[in-house]
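Engineer: First, the structure itself, so that you have it in front of you.
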Amino acid sequence: MSADRIVIVGGGVVGSSIAWHLRSGGFEGEVAVVERDPTYRRASSFLAMGGVRQQFGSTVNIRLAQHSIRFYERFDDAMRTPDHQPRAWFRQRGYLFLADDENAARFERRYARQRALGARVERLDVDAIRARVPDLALDDIRFGIFGPDDGYASPREVLAGFRHAAAAAGATYVTGEVTRLDVAGGRVRGVTLDGGASLDAGAVVNAAGPFAARLAALADLDLPVTPVRQHLFRCALPRRWPHRFPVVIDPGGVHWRHDDPLAAGDPDRIIVARTKLDEPPGENFACDADRWTTDFRPPLVARLPAFETAELVEGWAGLYEMTPDHNPLLGEHPELGGFYLANGFSGHGLMMAPATGTALAELLTTGASTRLDISAFDPGRFARGAQFRDDAMI
Ligand SMILES: Cc1cc2nc3c(=O)[nH]c(=O)nc-3n(C[C@H](O)[C@H](O)[C@H](O)COP(=O)(O)OP(=O)(O)OC[C@H]3O[C@@H](n4cnc5c(N)ncnc54)[C@H](O)[C@@H]3O)c2cc1C
C-alpha cells in the first residue's frame, strides 16, 4: 500500500491542474494521473469554448475565477517546460452581457453584488456598448455589463500546457481506464485498470469530467453529475473584422467570441454557443447541424446583422458535467474516505481549473483548503437537501 501515492483519475484540465499543483507545491509522494484516452477526443477540456470570466453572482465563484484569471495571465510562462512552450492565447477582451427589459432588473442586482464582492465590472450604456462592439443591433438593449479582465483561451493549448507541466514537475501519466475502485475499511485504497494492473494509493481523485458519475458508481456511489450535450459552431467572417470581439452574451442566450487567425491568410472566425435548456442528459456527442440553422444563426444575425454572410465552417458537440445546482463538487466524498471529488463544473471547468488545482492540492496535502474557501461546494450538500445558488450561470 503506497499511502504516499495520489491517483488522479482523468487527465483533462482539472486532473492535470491538480497534478501540477501537487507536484509544484512540494508534494513529494507519487502523483499518478490515469487517463484512458491521451487523444482527449471526447474530453470536455478538448471540446470547450475557452471562456474565462469573473462575472459570477457569488463570492466563492468570483474568488475562484479571479484566482484563475491571475493564473491564466501568466500561464504561458508558468507552464513552460524544457520541451514544451504553451500558447494558451488568453485574450482579455472581456465578457459583455447585454441587458434587455426582461433581465435588466436582475442584471442591475447582479452588477451591484459583483461590485460589492470585488469583481471588476463596468456598466455600459448603449453608446458605450456601441463604441466597444460596433455593428450590434441594440434597439432592445437597456445596458451592458462588461468585465474587462475576462476573456478566452485556447482550451487545447491549456490542456497541453497543464499536462506537459504536470509531467515535467514529476507527475506520471498512465494510459488506461480505471475499471475498479479498490475499497477496504470504508476507504478507497487504490484503483484497478482495464489491463488488470492495480495502483495503491492514499487518496484517489475523481477528475473524470462528465464521466465522473460512472467512476463513482464503481464504488456504488451515486454522484449527481450528469453529462449533457453542448454544441459549438465555428464560422468564418466574410472579411477581416476591424475589431476583436469580447464574449458577447445576448439576452436570448446565444453568445460568441472571436477565433483569431493563427496564420497569415487564415480567415477571421467566431465560435458561437447557445445552451439548450431542455437538452436531454446522456453521453451524446452527435452534432446536430440543424441547430445552427434553427437556434443559433437567427438570433446571432438579429444581434449583429453583418454576420448574415458569415459561413459555417464546422460544428461539434461535447459534454457539460451538470450538477443539480450547476456548481461543482469539491472535496472528500462524505461516504468514502480518501475519495476526493473535483467534478460537476457545469460548463465552467476550464475557467475554474487553476483554482481547483490550488484548492485540491492543499486539501489533499494538509487536510484543508485555506487559500481558497471551497466549503460552499461541499460534496455532501445535495444529500442534505441543500443547494448552492449563483444566478450567473450561462
Ligand atoms: C462545448 C463545451 C463548451 C465549454 N465551454 C467552456 C468555457 O467556455 N469555459 C469553461 O470554463 N468551461 C467550458 N466548458 C466546460 C469545460 O470544458 C469542463 O468543465 C472542463 O473541461 C472539465 O475538465 P475535466 O478535466 O474535469 O474533464 P475532461 O476534460 O472531460 O477530462 C476528463 C478525463 O477523464 C478521463 N476519464 C474518464 N473516466 C475515466 C476512467 N474511468 N479511467 C481513466 N480516465 C477516465 C476522460 O478520458 C477525460 O479525458 C465547456 C464544455 C463543453 C463541452
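Engineer: Among Ile270, Ile6, what is the fewest-to-most ranking by other Cβ atoms within 10 Å?
Structural biologist: On the way: Ile270 22, Ile6 28.
Result, fewest neighbours first: Ile270, Ile6.
Engineer: Between the range 205-230 and the range 141-178, how far is it from one alpha carbon centroid to the other, in angstrom?
Structural biologist: Using only Cα atoms to place each centre, the spacing works out to 20 Å.
Engineer: Separate question: Given 0.36 nm per residue, what is the gain on full extension from Asn284 to Arg214 after removing their alpha carbon distance, in nm?
Structural biologist: On the way: separation 70, 0.36 × 70 = 25.20 nm, distance 1.50 nm.
Net length gain for the segment: 23.7 nm.
Engineer: Sticking with this structure for a sec: From the helices alone, meaning DSSP H stretches of at least four residues, give me the mean residue ellipticity at 222 nm for the chain, per-run term -39500 (n - 2.57), in deg cm²/dmol to the nearest 500. Mind dumping the intermediate values first?
Structural biologist: Values: 10 runs with 100 residues, N = 394.
Taking each H run of at least 4 residues, the total per residue is -7500 deg cm²/dmol.
Engineer: Once you keep just the Cα pairs under 8 angstrom separated by 6 or more residues, what percentage relative contact order results for the chain? Before the final figure, lay out each step's value.
Structural biologist: Values: 902 pairs, mean separation 92.9, N = 394.
Computed over the chain, the figure is 24 percent.
Engineer: Which FRET efficiency value, to the nearest 0.05, is calculated for Val313 and Thr59 with the Förster distance at 45 angstrom and r the Cβ-Cβ distance?
Structural biologist: On the way: r = 39 Å, r/R0 = 0.88.
Approximately 0.70, to the nearest 0.05.
Engineer: What percent does the relative contact order of the range 138-290 come to when contacts are Cα pairs within less than 8 Å and at least six residues apart?
Structural biologist: Numbers: 182 pairs, mean separation 24.0, N = 153.
It comes to 16 percent, rounded to a whole number.
Engineer: For the chain, with the dipole built from +1 on Lys and Arg beta-carbon atoms and -1 on Asp and Glu ones, taken about the Cα centre, which of Pro281, Phe143, Ala359 lies farthest toward the positive end?
Structural biologist: Checked the options; the winner is Phe143.
Engineer: Explain nothing, just the number: relative contact order of the range 85-200, from Cα pairs under 8 Å at least 6 residues apart, as a whole percent.
Structural biologist: Numbers: 150 pairs, mean separation 35.2, N = 116.
Worked out over the range 85-200, it gives 30 percent.
Engineer: Over 23 Å apart: what share of the alpha carbon pairs of the range 237-364 falls there, rounded to a whole percent? Don't skip to the answer; put the middle values down first.
Structural biologist: Numbers: 3937 of 8128 pairs.
The answer is 48 percent, as a whole percent.
Engineer: Between beta-carbons, use under 12 Å as the cut-off and find the net charge around Pro210, counting Lys and Arg +1, Asp and Glu -1.
Structural biologist: Details: positive: Arg42, Arg214, Arg229; negative: Glu283, Glu321.
Summing Lys and Arg as +1 and Asp and Glu as -1 gives +1.
Engineer: How much length would be gained if the chain were fully extended between Thr39 and Gln85, taking 0.36 nm per residue of separation minus their Cα-Cα distance, in nm to one decimal? Could you put the intermediate results ahead of the total?
Structural biologist: Working: separation 46, 0.36 × 46 = 16.56 nm, distance 1.89 nm.
Once the chain is fully extended between Thr39 and Gln85, it gains 14.7 nm.
Engineer: Cα atoms only, the chain: Rg and Dmax in Å?
Structural biologist: Reported Rg and Dmax, both Å: 20.9, 66.
Engineer: Going 7 Å from the Cα of Asp260 in the Cα-to-Cβ direction, what parts of the range 155-174 have a backbone nitrogen less than 16 Å from that spot?
Structural biologist: The answer is 155-158.
Engineer: Under a Cβ-Cβ cut-off of 9 Å, what is the net charge of the residues other than Arg87 that fall near it, where Lys and Arg count +1 and Asp and Glu count -1? Can you show the working numbers first?
Structural biologist: Values: positive: none; negative: Asp76, Glu157.
Taking every other residue near Arg87 into account, the sum is -2.
Engineer: Taking Cα centroids, how far is the range 244-312 from the range 336-394 in Å?
Structural biologist: Here the answer is 30 Å between Cα centres.
Engineer: Using label points projected 7 Å from each Cα along Cα→Cβ, tell me how many nm separate Glu335 and Arg106, to one decimal.
Structural biologist: About 3.4 nm, to one decimal.
Engineer: Sketch the reach of a paramagnetic label on Ala137 as a point 7 Å from Cα along Cα-to-Cβ, and name the residues of the range 304-320 whose backbone nitrogen lies under 20 Å away.
Structural biologist: In the range 304-320, the label zone of Ala137 (backbone N under 20 Å from the point 7 Å along Cα→Cβ) covers 304-312.
Engineer: Using 1/(1 + (r/R0)^6) with R0 = 45 angstrom and r between the beta carbons of Trp241 and Gln387, what's the FRET efficiency to the nearest 0.05? Don't skip to the end; give the middle numbers.
Structural biologist: Values: r = 41 Å, r/R0 = 0.91.
After rounding, the FRET efficiency stands at 0.65.
Engineer: 5 Å is the cut-off here: which amide hydrogens, built 1.01 Å from N in the peptide plane, fall below it relative to Ile8, excluding neighbours closer than 5 in sequence?
Structural biologist: Counting only residues 5 or more places away or on other chains, the set is Ala32, Val33, Val34, Val205.
Engineer: Cα-Cα pairs above 17 Å in the range 301-390: how many percent?
Structural biologist: On the way: 2334 of 4005 pairs.
That fraction is 58 percent.
Engineer: Taking every DSSP beta bridge that has both residues in the range 1-146, what percent is antiparallel when rounded to the nearest 5? The partial results should precede the final answer.
Structural biologist: Details: 9 of 13 bridges.
Roughly 70 percent of the DSSP beta bridges within the range 1-146 come out antiparallel.
Engineer: Which trypsin sites (Lys or Arg not before Pro) in the range 175-243 pass both tests, a DSSP loop state and at most 16 other beta-carbon atoms within 10 Å? Each step should come with its number before you reach the end.
Structural biologist: Numbers: sites: Arg180, Arg187, Arg189, Arg214, Arg229, Arg234, Arg239, Arg240; in loops: Arg239, Arg240.
Of the trypsin sites (Lys or Arg not before Pro), the ones in loops of the range 175-243 whose Cβ has at most 16 other Cβ atoms within 10 Å are Arg239, Arg240.
Bear in mind these aren't lab numbers, they're just calculated from the coordinates by the rules spelled out. Fair warning: this is a prediction, and the values are worked out from it, not measured in the lab. Don't worry about glycine lacking a Cβ; one is built from the backbone with ideal geometry, like all the others, and counts go over all protein chains shown.
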